[in-house]
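Chemist: My questions will all concern the structure given below.
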């Protein structure tokens, strides 16, 4: 930031501060601001550096997210395949059992049902 010491000193003199004191205050303020206040160029460089770092972090996070997404998709696909296989096995067993039951006479089914009920409820 550019500080106009002459203009500052003139403002002080117009307000009634003597010339020597106005000049001393202007120089002291200029020295203090020179050490503590960043210039537009410095702020621009900081902004550029931060933008670059943010872009790098964003790129890194995007890469990591993509890897996690791929891994999760693979795991979901594997689980889905496994579940489909389990369902197919259960369907095959049930189909076989249903065919066996269809082949039994009604009397045999009632007899089996009676045995199961007695076993479960009247041990």
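Please treat every number below as a calculation from the coordinates, not as lab data. This structure is a prediction, so every number in the text was calculated from the model and none was measured.
Chemist: I'd like the distance between the alpha-carbon centres of segment 48-83 and segment 14-31, rounded to an integer number of Å.
Modeler: Segment 48-83 and segment 14-31 have Cα centres spaced 60 Å from each other.
Chemist: List the relative contact order of the chain as a percent without decimals, with contacts defined as Cα pairs under 8 Å and 6+ residues apart.
Modeler: Contact order relative to length: 16 percent.
Chemist: If you scale each eigenvalue of the Cα gyration tensor by 5 and take the root, what three semi-axes come out for the chain, rounded to whole angstrom and sorted largest first?
Modeler: 95, 20, 9
Chemist: Kindly express, to the nearest 10 degrees and within the range 0 to 90, the angle between helix 106-121's C-alpha long axis and the longest C-alpha principal axis of the chain.
Modeler: 60
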